[in-house]
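Below is one structure, written out as structure tokens, with a few remarks after it.
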Amino acid sequence: MFDGLIGFVRDWYGTAGLIALHEPRFGARDRVLVMDAIDSTFVSSVGAYVDRFERDLAAYVHAARAVVTVNGTSALQVALRLAGVRSGDEVVTQPLTFIATANAISYCHATPVFVDVDRDTLGLCPQALEQFLRDTADRTPDGCVNRRTGRRIAAVVPMHTFGHPCRVDALVRLGAAWGIPVVEDAAEALGSSREGRACGTFGQCGIYSFNGNKTITCGGGGAIVTNDAALAQHAKHLTTTAKEPHRWAFRHDEIGYNYRMPNLNAALGCAQLEQLDRFLADKRALAAAYEAFFAGCGWGTFLREPAGCRSNYWLNAVVVQEPSLRDALLTATNDARVSTRPIWELMCDLEVYRQCPSGDLANARWLAQRVVNLPSSARLVSAG
Ligand SMILES: *Cc1c(COP(=O)(O)O)cnc(C)c1O
């Protein structure tokens, strides 16, 4: 039943060997810039590539500022702190996400609250959020309060699943109406846009990840982007141990973090960013080919970019017709050394997040039983 898909993927990548879900791609330019960072001796916490990567990234997504960090999780933790999330608060997010989203909320000693996703975007659903707020939240002078738990709802964190833009514009409007800042988990969505505007730039802050499995990589890395210069300044301060600038004195004016991206990783980030448009073009070609394949297949529907959006197609996905097909597909493809995997288990079903409040999660549950990720690496493009 799945031989057609296995053959299609093997033809696309032109190999009889193991086909990974998502591999990084490196060319001559990556080697040149990484070697340059080594030769400069500035491999660690200061250096020209950190500043350059922040400038290049901000320019790419048309944000006023970017602050790069050691990874995407730390970027999200700091963005939440900047949004005012404090111990004892609640933060609304989606149950269908990678665990880093919920963990970053926990690192702020806040509680995730799970609200349903849209079936077409796989991201936080504005109607579900509005329903949840109407049913449970009161606006008070201290902010928006969950009347069932008595805790403040301090932020909303939508996630752009697999690079498909969620309805973030509507979520930001809702957040403004209820006095709740939106922090976008755009870890998977560098290069994606809604109505021409980059994912990550709709909310008060957005974050990206440059982990090895993401669309571009620094080895490890993350970034906070924002159009608010004061927030960016504070993000830089918090991620660099909150040290007051001085030629020799060590004075720290709050408890910050050592979350700064090393210059060595930033050098790789600069080189990878130069290649991003080529990676995106190759990934779009693969997505179009998958779409054509699944149009004639009968057992699954390819997950397309939502209307009005451009997806980076970080990870391609198929929605199988029946839940019973999911594990059959996973077994057949992995047996054939074509890597596939199911979408994440819902956060609210994990032992550690089972006690968290949640709304009706019908769409998330429906998707969790049916979505399977397919090999999605860019092919080796000629090095620039
Ligand atoms: C990758 C990812 C992160 C965090 O990234 P790291 O750089 O690995 O810390 C956060 N959220 C989501 C949804 C991700 O996919």
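The values are calculated or read from the model by the stated rules, or taken from the named source; none is laboratory data. Bear in mind the structure is a predicted one, so any value in this text is a computation, not a measurement. We place every Cβ from the backbone using ideal geometry, glycine too, and count neighbours over all the protein chains shown.
Observations
- Tally of residues being part of a loop (DSSP other than H, G, I, E, B), more than 18 Å from the chain's Cα centre (by Cα) and buried (at least 19 other Cβ atoms within 10 Å of the Cβ) across segment 340-356: 2
- When the test is whether a residue is at pLDDT 95 or above and part of a helix (DSSP H, G or I), Leu129 passes it.
- Residues satisfying the stated conditions in segment 23-47, i.e. of a type in the set (Phe, Trp, Tyr) and either at pLDDT 95 or above or not in a loop (DSSP other than H, G, I, E, B) (or both): Phe26
- Filter result for Glu130 (touching a residue at least 40 places away in the same chain (Cβ under 8 Å), surrounded by fewer than 22 Cβ atoms within 10 Å (Cβ to Cβ), in contact with a strand residue (DSSP E or B) (Cβ under 9 Å, 6 or more places away or on another chain) and charged (D, E, K, R)): no
- Residue satisfying all of: in segment 62-75; of a type in the set (Val, Ile, Thr) and buried (at least 21 other Cβ atoms within 10 Å of the Cβ); farthest from the ligand (Cβ to nearest atom) among these: Val67
- Qualifying residue in segment 306-319 (condition: in contact with a Cys (Cβ under 6 Å, 6 or more places away or on another chain), touching a residue at least 60 places away in the same chain (Cβ under 8 Å) and not in a loop (DSSP other than H, G, I, E, B)): no
- Out of Val145, Val85, Val78, sole residue that is surrounded by 24 or more Cβ atoms within 10 Å (Cβ to Cβ) and either more than 13 Å from the ligand (Cβ to nearest atom) or in a loop (DSSP other than H, G, I, E, B) (or both): Val85
- Selection within segment 161-196 - within 14 Å of the ligand (Cβ to nearest atom) and in a strand (DSSP E or B): Val183, Glu184, Asp185
- Residue within segment 187-197 that is among the basic types (Lys, Arg), more than 13 Å from the chain's Cα centre (by Cα) and within 19 Å of Gly88 (Cα to Cα) present: no
- Considering Thr121, Thr97, the condition of being within 11 Å of the ligand (Cβ to nearest atom) and assigned to a loop (DSSP other than H, G, I, E, B) is satisfied by Thr97 alone.
- Among residues of segment 1-21, those that are among the hydrophobic types (A, V, I, L, M, F, W, C) and exposed (fewer than 12 other Cβ atoms within 10 Å of the Cβ), counted: 3
- Within segment 24-55, being of a type in the set (D, E, K, R) and either surrounded by fewer than 17 Cβ atoms within 10 Å (Cβ to Cβ) or in contact with a strand residue (DSSP E or B) (Cβ under 9 Å, 6 or more places away or on another chain) (or both) holds for Arg29, Arg31, Asp36, Asp39, Asp51, Glu54, Arg55.
- Meets criteria (under 23 Å from Pro375 (Cα atoms), within 16 Å of the ligand (Cβ to nearest atom) and without any contact (Cβ under 8 Å) to a residue 60 or more places away in the chain) for Gly212: no
- Scanning segment 348-369 for residues that are touching a residue at least 24 places away in the same chain (Cβ under 8 Å) and touching a Leu at 6+ places or on another chain (Cβ under 8 Å) yields Cys348, Leu361, Ala364, Leu367, Ala368.
- For the criterion of being in contact (Cβ under 8 Å) with a residue 24 or more places away in the chain, outside any loop (DSSP other than H, G, I, E, B) and touching a helix residue (DSSP H, G or I) at 6+ places or on another chain (Cβ under 7 Å), Val50 passes.
- Exactly one residue out of Arg260, Arg284 is among the basic types (Lys, Arg), buried (at least 19 other Cβ atoms within 10 Å of the Cβ) and either within 16 Å of the ligand (Cβ to nearest atom) or within 30 Å of Phe2 (Cα to Cα) (or both): that is Arg260.
- Residue in segment 359-369 that is at pLDDT below 95 and within 23 Å of the chain's Cα centre (by Cα) present: yes
- Some residue of segment 91-105 being without any contact (Cβ under 8 Å) to a residue 12 or more places away in the chain, of a type in the set (S, T, N, Q) and surrounded by fewer than 24 Cβ atoms within 10 Å (Cβ to Cβ): no
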